[in-house]
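**Q** Take a look at this one; I'll ask things after.
The values are calculated or read from the model by the stated rules, or taken from the named source; none is laboratory data. Everything numeric in this text was worked out from a predicted model, so none of it was measured. Neighbour counts are summed over all protein chains in view; Cβ atoms, including those assigned to glycine, are modelled from backbone coordinates with ideal geometry.
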Amino acid sequence: MNVTVSDVPDPLAAFAAPTREWFASSFAAPTPAQSEAWAAVSGGASALVVAPTGSGKTLAAFLWSLDGLARSSPPADPMLRCRVLYVSPLKALAVDVERNLRAPLAGIRAAAARLGQPVPEVSVGVRSGDTPAAERRSFGRTPPDILITTPESLFLILTSAARTALRGVRTVIVDEVHAVAGTKRGAHLALSLERLDDLLDAPAQRVGLSATVRPVEEIARFLGGPHPVTVIRPPSEKTLQIEVAVPVEDMANLDETPTSTSTPTSTLTTPPQVLPLEAVAEGPAAGPGPRASIWPAVEERVLDLILSHSSTIVFVNSRRLAERLCARLNELYADRLEQAAAFGQATAGGQTTAKSTARLSPADLMGPAGGAAPPAGLEVARAHHGSVSREQRLLIEDDLKSGRLPAVVATSSLELGIDMGAVDLVVQIESPPSVAAGMQRIGRAGHQVGAASRGVVLPKHRSDLLECAVVAERMRSAQIEAVRYPRNPLDVLAQQIVAILAMEDREVDELGALVRRAAPFAGLPGSAYEGVLDMLAGRYPSDDFAELRPRITWDRATGVLAGRPGAQRLAVTSGGTIPDRGMFGVFLLGEKASRVGELDEEMVYESRIGDVVLLGSSSWRIEEITPDRVLVTPAPGRPGRLPF
């Protein structure tokens, strides 16, 4: 079923007075996505909202639930208090949504007080891999009204005693559903949602939020499982301004010195502590010297773009490139500051007075006019990726939003739905992984209703230029890749069966019916289902598997399945579909909860006490290496190795 704007009379008519007053005082009018979504969810239907970035999708999903929580009293049983569950594919997005809910909650409370109505107290909790252990334990005793979590954390809650705190859930909001639907992670989430429904007296209403995706019917089936889903897809009014820019005159001739729009590159020197992005030429020691590279021109162009805009996100496709490019941008910026200072001294020694020199800001030498040049001594960019600690990521995000940091060099960690405020430019280095990913990344700029999103794509070589041109054209016309959810991934099925049986015994047919309610397993053959049960119960096809321990018991006389001792521990320590990368946590020496980030095991193996590494654009000295973590102390200004 599809809904159009003409079907919606007054979008705010069904809301309580405090909610209506807050919304009217904060926004000119609801967006089409919001109007249509509220009309659908207010009637109890599950809905899929498909709209581009900056269409107000978060409020489209949340406002009706917030209004319901505000106008009703909490249940008498505190274990039924959690009535709204929000599932985000990214920890950073979960934290961002929790922060963005504060404004409407505070506004509704203030409006209720002005109208003389009871002031609602709606609590919001976050449960993810970054949540401290004490907060995770408290959820099982005093659940909040709204729980914000990730697919993996939802699985862990359902596989523990804390699952009883989810028995009051009435609405499930799945954000960026297109990002997980086409992967095994999505199949894992679909089974978790059916496990959640199995806990409840009635199936929860599901609201999915998605950027432009096709085919929409496939995503709707994935979201709803056995239940119908209303598709909300208003006409798109989002404008993408995408430019593919080649930073050199001729990509076939890179021997010429790269030029900058502000400062001759030939006057810049490369500090010895961090190599430029172009790697040392491979081959034997007696081989030819370093090859010509496009990277010096790319670095200069990116810095010019950063300095000519207020707030910029630079997207790259790997963590290693994020750290290297960030380090080079900060070095080039320092070089330009030194040149600006030297120019000022030379001018003061000539005919120009010191007073007139003061009016020549470093920005006059550093980049085109119109941007916000950062003060001397500050970094022009910070690196943001999954190996940077949660605290550092939050600090970097806050600095970018507040304008204290001109740019962030990020991987996909900032790609999905995160509201980065006043970002006015996105730079993409080389072709994005997909058209959909490119649209998500460019959409970080102008992340407001009605604002245009501007992006610049910089290719690395000639074949990359062709790919960038094709992807940019497809982004402009929204010709994204088709998404198809995986059918019957048996490894995911085995994981979830062990987790389900670790909590309670089930009959074979009953468990099979639960599994087949999830869209990825709707067509699961009986032979495949029984084959997985056989394997988990220790009935293997050959003696080659004899050393594998059975995980469940299958009483074939009664048809009852049960988990073996240790099944729950196995499920919670081995759950999910994100591969284990063998990462070592990096912590400050002498402080317990001071996580700095992560290093991969190969880097740790090659490191020694006293080495200095770069992580999150900061230098850290290794003081101790334990079997599962690396202890460090700050080493500001020290040259360091890149961690990837």
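**Q** Could you go through segment 548-559 and let me know if any residue there is among the acidic types (Asp, Glu), free of Cβ contacts under 8 Å to residues at least 24 places away in the same chain and in a loop (DSSP other than H, G, I, E, B).
**A** For segment 548-559, residues among the acidic types (Asp, Glu), free of Cβ contacts under 8 Å to residues at least 24 places away in the same chain and in a loop (DSSP other than H, G, I, E, B): absent.
**Q** Are any residues in segment 71-93 in contact with a helix residue (DSSP H, G or I) (Cβ under 9 Å, 6 or more places away or on another chain) and at pLDDT below 90, and if so, which ones?
**A** From segment 71-93, those in contact with a helix residue (DSSP H, G or I) (Cβ under 9 Å, 6 or more places away or on another chain) are 71, 74, 78-92; that's our starting set.
Answer for segment 71-93, where residues must be in contact with a helix residue (DSSP H, G or I) (Cβ under 9 Å, 6 or more places away or on another chain) and at pLDDT below 90: 71, 74, 78, 88, 89, 90, 91, 92.
**Q** Residues in segment 515-525 that are crowded, with 18+ Cβ neighbours inside 10 Å and over 11 Å from residue 225 (Cα atoms): how many?
**A** Counting residues in segment 515-525 that are crowded, with 18+ Cβ neighbours inside 10 Å and over 11 Å from residue 225 (Cα atoms) gives 1.
**Q** For the list (1) part of a helix (DSSP H, G or I); (2) of a type outside the set (A, V, I, L, M, F, W, C); (3) surrounded by fewer than 16 Cβ atoms within 10 Å (Cβ to Cβ), I need the number of the one condition that residue 540 fails.
**A** If we test residue 540 against (1) part of a helix (DSSP H, G or I); (2) of a type outside the set (A, V, I, L, M, F, W, C); (3) surrounded by fewer than 16 Cβ atoms within 10 Å (Cβ to Cβ), just (1) comes out false.
**Q** Taking segment 26-42, which residues are part of a helix (DSSP H, G or I) and of a type in the set (S, T, N, Q)?
**A** Residues satisfying the conditions are 26, 34, 35.
**Q** Among the residues of segment 85-122, what is the count of those that are aromatic (Phe, Trp, Tyr) and assigned to a loop (DSSP other than H, G, I, E, B)?
**A** Total satisfying the criteria: 0.
**Q** Since residue 206 meets every condition but one in (1) farther than 25 Å from residue 60 by Cβ; (2) among the basic types (Lys, Arg); (3) part of a strand (DSSP E or B), which condition does it not meet?
**A** (1)
Okay, residues lined up against (1) at pLDDT 85 or above; (2) surrounded by fewer than 18 Cβ atoms within 10 Å (Cβ to Cβ):
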{"position": "561", "(1), (2)": "yes, no"}
{"position": "566", "(1), (2)": "yes, yes"}
{"position": "572", "(1), (2)": "yes, yes"}
{"position": "604", "(1), (2)": "no, no"}
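**Q** Could you please let me know if residue 134 is more than 17 Å from residue 190 (Cβ to Cβ), at pLDDT 90 or above and not β-branched (Val, Ile, Thr)?
**A** On the way: more than 17 Å from residue 190 (Cβ to Cβ): yes; at pLDDT 90 or above: no; not β-branched (Val, Ile, Thr): yes.
It is false that residue 134 is more than 17 Å from residue 190 (Cβ to Cβ), at pLDDT 90 or above and not β-branched (Val, Ile, Thr).
**Q** Go over the candidates 204, 220, 187, 181 one by one and state the one that is modelled with pLDDT of 90 or more, within 28 Å of residue 490 (Cβ to Cβ) and touching a Leu at 6+ places or on another chain (Cβ under 6 Å).
**A** Values: 204 fails: touching a Leu at 6+ places or on another chain (Cβ under 6 Å); 187 fails: touching a Leu at 6+ places or on another chain (Cβ under 6 Å); 181 fails: touching a Leu at 6+ places or on another chain (Cβ under 6 Å).
Matching residue, one of 204, 220, 187, 181: 220.
**Q** Sticking with this structure for a sec: Is it the case, given these coordinates, that residue 459 is modelled with pLDDT of 85 or more and surrounded by fewer than 24 Cβ atoms within 10 Å (Cβ to Cβ)? Please lay out each step first, then the result.
**A** Numbers: modelled with pLDDT of 85 or more: yes; surrounded by fewer than 24 Cβ atoms within 10 Å (Cβ to Cβ): yes.
So residue 459 fits the description; yes.
**Q** Among the residues of segment 451-485, how many are of a type outside the set (A, V, I, L, M, F, W, C) and either in the same structural domain as residue 297 (by TED's automatic domain parsing) or assigned to a helix (DSSP H, G or I) (or both)? Talk me through it step by step, then tell me what you get.
**A** We begin by selecting, within segment 451-485, every residue of a type outside the set (A, V, I, L, M, F, W, C); these are 453-455, 459-464, 467, 473-474, 476-477, 479, 481, 484-485.
With either in the same structural domain as residue 297 (by TED's automatic domain parsing) or assigned to a helix (DSSP H, G or I) (or both) added as a condition, the list becomes 462-464, 467, 473-474, 476.
Here the count works out to 7.
**Q** Residues that are at pLDDT 90 or above and among the small types (Gly, Ala, Ser): does segment 543-551 have at least one?
**A** For segment 543-551, residues at pLDDT 90 or above and among the small types (Gly, Ala, Ser): absent.
**Q** Among the residues of segment 515-532, write down those that are in a helix (DSSP H, G or I) and touching a helix residue (DSSP H, G or I) at 6+ places or on another chain (Cβ under 6 Å). Break it down stepwise before answering.
**A** Filtering segment 515-532 down to residues in a helix (DSSP H, G or I) leaves 515-516, 519-521, 526-532.
Residues satisfying the conditions are 515, 519, 520, 521, 529, 532.
**Q** Assess whether residue 512 counts as being without any contact (Cβ under 8 Å) to a residue 40 or more places away in the chain, within 30 Å of residue 224 (Cα to Cα), in a loop (DSSP other than H, G, I, E, B) and among the small types (Gly, Ala, Ser). It would help to see each step written out before you state the result.
**A** Numbers: without any contact (Cβ under 8 Å) to a residue 40 or more places away in the chain: yes; within 30 Å of residue 224 (Cα to Cα): yes; in a loop (DSSP other than H, G, I, E, B): no; among the small types (Gly, Ala, Ser): yes.
So residue 512 does not fit the description; no.
**Q** Here's something else I'd like to know. Quick check, is residue 59 within 27 Å of the chain's Cα centre (by Cα), at pLDDT 90 or above and in the same structural domain as residue 211 (by TED's automatic domain parsing)?
**A** On the way: within 27 Å of the chain's Cα centre (by Cα): yes; at pLDDT 90 or above: no; in the same structural domain as residue 211 (by TED's automatic domain parsing): yes.
When the stated conditions are applied, residue 59 does not pass them.
**Q** Something else now. In segment 187-246, what residues are surrounded by fewer than 19 Cβ atoms within 10 Å (Cβ to Cβ) and of a type in the set (Ser, Thr, Tyr)?
**A** The answer is 236, 239.
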